[in-house]
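Worksheet: one structure, shown below.
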Amino acid sequence: MVRSLLIVPLLAAAAGGVWLTRGALLRRRDLLAAETYELGGDQRPMLVRAAAAMVCGVCVTVLTLLTALGTFGEPDGAADGAADGRPGAADRFDGAGAPVAAGGQGAAPGGGLQALPPAESAGTAGAAGTADTAALPVTTPAPVPVVSRFDSVGHPGGGELLQSAVPGPDGHPRNVRVWLPAQYAKDPNARFPVVVMQAATPRRTADTEVPDVFEGLASAVQSGRSKPFILVAPEAPNGTGHPCELVAAAPMAVADDAALRTTVAATFRTLPPGPAAWGTLGVEDGAPCAAAAGLARPDLYGAAAAVSGRYDAAALARTGAEAPATGTPRLLLAAGKADTAGLDAARGLQSALRTGTGAAARAEVRISDNATDYSAERIRLRLVRQAAQYLGEALGRTS
């Protein structure tokens, strides 16, 4: 704001200096002409104009320097950040709330130093910082990477569960939970694949709907059936009683969540977002969302696992047909051996995709129908293990 105010006097001083210089030169020419004919002339008007032009030149120089230096040598972004209490370019925070130097390293949750990707190093801290940022004028349409402060809320499955507020696709903050496997704290140099778990209840995260999901994931890793990965559980959007019904109307909106990807990648030690390292998971009512995400954006999610779901096969086939030309959707449809309706829905979706067009016809669909146990909870645990194994095989190795 200060820099823009300096432009007006700068232009005025420059225009005045040009006008005065021109007047002095004209007066000088008249005096020379008078000397040619041996006539006398008054030099004071010329000298006054020349002195005034010099003063304007000094003003232009000073104002130009102030404008170039951004007033007192501080960039606008840093000055604004200091004024309203938000961190500027040299005052960033990592996932644990500690300051991050300009080089982009901070303390990662679970221990160790974390190197942030160069393109994703700027950010704000916590839910309050996110709300302040949302109120500022938008200068670029691209999502701004945010290093959010995630607070620990528990240690299920031997890992660590953290929570923070992250802007949603609509710009409003929503709760996001991130589960770090036990291996995250043990190896501070490793980077991990990411699985986004879809929720089916408005303003709830998927782990509250399926509380035993962390035990299933940890069990699959401990038994050697799956490589460890980070699980991200964003809060389901509000506005409808069944968010996964949005897949028929706007599957791309459900599948693509750029703010979530950039924030998670900037805050935790993840492999780069993309089909080689990011996948999606949905259990029961969240299964259609996972299937839609995997079919709509194979360029973003390399694999999708849908467990015990009921699907609108025609809508999902259209979703696959309209997907980007790059990438091949990979989808696991799992249901318990005794879940006849779930298996029928899975086979119906598989058939609809085979007869579809575009990416739908290219989709690689597996059906798991062998899970059985003495209770529904135990069957679901087995299905989550199968989903973890499938996703672990499809996604990139930790490095």
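A few remarks follow.
- Set LEU331, LEU300, LEU316, LEU295: member being more than 16 Å from ALA233 (Cα to Cα) and either open to solvent by 30 Å² or more (accessible area, probe 1.4 Å) or under 16 Å from the mean Cα position of the chain (by Cα) (or both): LEU300
Rundown of residues vs (1) on the phi > 0 side of the Ramachandran plot; (2) in contact with a strand residue (DSSP E or B) (Cβ under 8 Å, 6 or more places away or on another chain); (3) buried (at least 19 other Cβ atoms within 10 Å of the Cβ), yes/no style:
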position: GLY279; (1), (2), (3): no, yes, yes
position: CYS289; (1), (2), (3): no, yes, yes
position: ALA306; (1), (2), (3): no, yes, yes
position: ALA346; (1), (2), (3): no, yes, yes
position: ALA359; (1), (2), (3): no, no, yes
position: ASN370; (1), (2), (3): no, no, no
position: VAL384; (1), (2), (3): no, yes, yes
position: ALA387; (1), (2), (3): no, yes, yes
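- Tally, over the range 1-26, of residues that are at pLDDT 65 or above and more than 21 Å from VAL58 (Cβ to Cβ): 1
- Every residue from the range 158-177 that is open to solvent by less than 20 Å² (accessible area, probe 1.4 Å) and over 14 Å from ASP257 (Cβ atoms): GLY159, LEU161, LEU162, SER164, ALA165
- Among the residues of the range 339-360, those identified as under 27 Å from GLU322 (Cβ atoms) and without any contact (Cβ under 8 Å) to a residue 24 or more places away in the chain are ASP344, ARG347, GLN350, ARG354.
The values are calculated or read from the model by the stated rules, or taken from the named source; none is laboratory data. No experiment lies behind these values; they were computed from the predicted model shown. Methodologically, a virtual Cβ is constructed for each residue, glycine included, from the backbone with ideal geometry; neighbour enumeration extends over all protein chains shown. With ligands, DNA and RNA removed, areas are computed over all heavy atoms of the protein, side chains included. Shrake-Rupley method; radii C 1.70, N 1.55, O 1.52, S 1.80 Å.
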